[in-house]
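Asker: The structure that follows is given in the form of structure tokens.
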Amino acid sequence: YRKMGKKGKKEKKIKGAEKTAAKMEKKVSKRSKKDEEDLETLIAEFQSLDAKKTQVVETACPPPPPRLHASLCAHPDKDELILFGGEYFNGKKTYLYNELFFYNVKKNTWVKSDIPNPPPRRCAHQAVVVPHGGGQLWVFGGEFASPDGEQFYHYKDLWVLHLNTHTWEQIKAPGAPSGRSGHRMVLSKKQLLVFGGFHESARDYIYYNDIHAFNLDTFTWSKLTPSGTGPCPRSACQMTPTPDGSGLIIYGGYSKAKAKKDVDKGTIHSDMFLLKRDGKDEQEKWSWVRVNPSGVKPPPRTGFSLAVGPAGRALLFGGVCDEEDEETLEGDFFNDLYLYDIQKNRWFPGQLKGGRSERKRRRREKKDREWVGQAEATPPASNEEAQHPVEIVKEIITEDGTVMTIKQAIPTAQTAAEQSDGEEEEEGEEEEEGGEEGATAVLSVEPCPRSSAMATVKHGKLYLYGGMFEVGDRQFTLSDLYCLDLHKMEQWVVLVQMDPKTQEWLEESESEDEGEDEEAKGGEEDDDEEETSEEESDEEEEAEHPPVKPGETLSDYQKRTEAYWQGLAHANMGPNAKDKKTQKVGLAMAKVFFEDQA
């Protein structure tokens, strides 16, 4: 009786939540209708420009300029990655793209492909590659934003790029999910499954937890009604199909809701669910099951990158965990890698072993330590710094004068050895299978911490493109490209380096309207003057830094000048930067200066 009573209450709660969501959706559609009509006009103007393209034009090009929330997929047949869409925000204006790029993984070359009648410009969409008909790229949903970033239009259209003929086609089928972005879409057997996402206007927003299927044989949409309790509404989750096609795994995500005093409160989710498929094609039954994985779980975060690795393992890289208080929102960015083994229901960290010569050196050092009986001894205090990964800190002065500090971690021999010793034997065996051909004695440089990087896997290698991080109030959009062999798990390889010149950030000026025309006129002259003044100011600043005393160690110098460097970091990061952050950045800046002087 009690169980039935509890069940009844749960069902009432679920039905009540569904009613609330339905009311909210009606509100959103009414209030945002006018905004969307305005944006539809802008989208139509862009489409009229695209309509002038009458033939396919492929052009060899440099790596694409920075962008976020694009899609990166692996070609099903060729040695290529496919990059489509995305957005770029420079602090003042939002740019949306519908460009299509192909990256050749063997030649390390880019080609821009202009194909007639492409989908409208968008970001935060989903794209899935399927092997059907010589290879197809399916694109669903996403959003378009006004240049000021204040209005949003959410797409509910479905497109397919036929890779063998290089033609775009819009698929108009009834019953499609409502317009959304931040959703997830994967291929499971002969269906595209779409889950979650959100719809946002200038006034309201709504998050979804519905799931829809698009049949690739019949070209029809259907809304699934799984039994059991599934994930609460969210966007930006990790969604991975099971290797046997029996369902999919959903992990994490993000949502926000109105809190007290009408303030938006964000929630980072870290729960996991399995959506199970039972029965044959026409008599399929779906059900939600809560999953409690074992192993070393990723700390809570949002904006992580996701991909599917060998043996159907889910990969999770980077992301950000926002620290919210009443006045500020500050994030800790990550550059770690986690793998989830679906069959074993276990998380484990993706620890790198270093190159071939690096492993040999570690083995020799380990034998030497064992020989002298120091394998378990506490290292001397003077060697303390060597126990932690060495941080390479790059200090870049951007075009607008911002000091941007980029940290890249290089594991020391002992740290790497400890990580390697801590791995389970079965994982070590699997990772060794890839062989050691072509291994070199190159130090492994990891991608700097970031969120929203685009990721995909081709030939057992993880490719990581771009992403973003923040310094104070400024956002930096990256355009670098890294590769990691998931069989060897040795080291990241840099394929495209980050170009500091692309790190543009324009502050909102007090009289934007007055300045725009003047900026357009004497742009080149102004740039030259700015560069000269920046160089002069850099020289002045460098001369004013506290000098390094003869024989002074790094730690002594950092202690003596800590207040100065922290103050400089605070000035560069803005008034809202927290002391903990400015202290870290200040120490890093002091280290860079110390090493330059040394």
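The values are calculated or read from the model by the stated rules, or taken from the named source; none is laboratory data. Worth saying up front: this structure is predicted, and the values here are computed from it rather than measured. Cβ placement follows ideal geometry from the backbone for every residue including glycine, while neighbour counts extend to all protein chains displayed. Each accessible area value is taken on the protein alone, full model and side chains, heavy atoms only, with ligands, DNA and RNA left out. Shrake-Rupley method; radii C 1.70, N 1.55, O 1.52, S 1.80 Å.
Asker: Taking the Cα centre as origin and putting +1 on Lys and Arg beta-carbons and -1 on Asp and Glu beta-carbons, what dipole magnitude results for the range 31-185, to the nearest 20 debye? Mind dumping the intermediate values first?
Answerer: Values: 18 positive and 19 negative charges, 52 e Å.
Dipole magnitude for the range 31-185 comes out near 240 debye.
Asker: OK, next. Enumerate the residues in the range 101-120 having an amide nitrogen under 19 Å from the point lying 7 Å beyond the Cα of V57 toward its Cβ.
Answerer: Counting only backbone N, you get 101-102, 110-120.
Asker: Let me ask you something else. If T267, T456 are ordered by their accessible area, calculated over protein heavy atoms with a 1.4 Å probe, which sequence runs from highest to lowest? Display every interim value, and only then the final one.
Answerer: Numbers: T267 60, T456 15 Å².
Ranking T267, T456 by accessible area, largest first, yields T267, T456.
Asker: Let me ask something else about it. Would you list S222, S181 from the most to the least accessible area, probe 1.4 Å? Write down the numbers at each step before the final one.
Answerer: Values: S222 50, S181 0 Å².
The ranking, largest first, comes out as S222, S181.
Asker: Can you send over the solvent-accessible area of Y207, 1.4 Å probe, protein chains only, in Å² to the nearest 10?
Answerer: For Y207, solvent-accessible area is about 30 Å².
Asker: State whether the range 204-299 is rounded, prolate or oblate according to the following rule on the C-alpha gyration tensor (a ≥ b ≥ c being the square roots of its eigenvalues): a/c under 1.5 gives rounded; otherwise a/b larger than b/c gives prolate, and the remaining case gives oblate. List each step's numbers first, then the result.
Answerer: Numbers: a/c = 2.54, a/b = 1.50, b/c = 1.69.
Oblate shape, in that a/c is at least 1.5 and b/c is the bigger or equal ratio.
Asker: Something else now. So, in Å, what gap is there between the alpha-carbon centers of the range 262-295 and the range 44-102?
Answerer: Here the two parts' Cα centres lie 32 Å apart.
Asker: Further, regarding this structure: Rounded to the nearest 0.05, what FRET efficiency do D77 and D38 have when you use their Cβ-Cβ distance and R0 = 51 Å? Could the numbers behind the result be given before it?
Answerer: Values: r = 42 Å, r/R0 = 0.82.
Computed FRET efficiency for D77 and D38: 0.75.
Asker: Let me ask something additional. For the pair D322 and T167, how long in nm is the line joining their label points, each one 7 Å along Cα→Cβ?
Answerer: 4.4
Asker: In nm, what is the difference between 0.36 nm times the number of residues separating T229 and H459 and their Cα-Cα distance?
Answerer: On the way: separation 230, 0.36 × 230 = 82.80 nm, distance 3.68 nm.
Stretched fully, the T229-H459 segment lengthens by 79.1 nm.
Asker: Moving to a separate point now. Could you give the length gained by full extension between K344 and K190, i.e. 0.36 nm per residue of separation minus their alpha carbon distance, to one decimal place? Can you show the working numbers first?
Answerer: Details: separation 154, 0.36 × 154 = 55.44 nm, distance 2.53 nm.
Fully extending the segment from K344 to K190 adds 52.9 nm.
Asker: If each residue of separation counts as 0.36 nm, what is the full-extension length gain between D264 and Q597 once their alpha-carbon separation is subtracted?
Answerer: Working: separation 333, 0.36 × 333 = 119.88 nm, distance 4.77 nm.
Full extension of this stretch gives 115.1 nm more.
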